[in-house]
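One structure is given here, and the rest of the page talks about it.
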Amino acid sequence: MDLVFPLIPIAALWAIIRYGPFRNRWWRGERPVGFALCVGAVTFLLGFVGPMIVTPSANQGPLLGIFISGPLGLALGLVWGLIRATRRRGSGPDAA
């Protein structure tokens, strides 16, 4: 079981690269799930590491990233990705 935990960040990074905005140089092949993973990962890291840098003596600082900023970033990234996908479909070469 201890060998599974290091694989979780690697699998998350693979999913972000595979489905996210980093798939193409100009972001043409993105998917809403990729934006959700990318924004969620960034906001999680900011909420997890940020409180440890600002107040190192607080023992519950990383909980901000785990319970608040990570899930909110994931939801906002999904909404952002869905909006981008619908706009891209509407302004494509087939739109008349």
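If G47 passes every condition in (1) of a type outside the set (V, I, T); (2) surrounded by 15 or more Cβ atoms within 10 Å (Cβ to Cβ); (3) modelled with pLDDT of 85 or more; (4) closer than 18 Å to I8 by Cα but one, which one does it miss?
(4)
Of all residues in segment 50-96, which are of a type in the set (K, R) and either at pLDDT 85 or above or surrounded by 15 or more Cβ atoms within 10 Å (Cβ to Cβ) (or both)?
Residue satisfying the conditions is R84 alone.
The values are calculated or read from the model by the stated rules, or taken from the named source; none is laboratory data. In this text, all values refer to a predicted model and were calculated from it rather than measured experimentally. For neighbour counting, all protein chains shown are included, and Cβ atoms are generated from backbone atoms with ideal geometry for every residue, glycine included.
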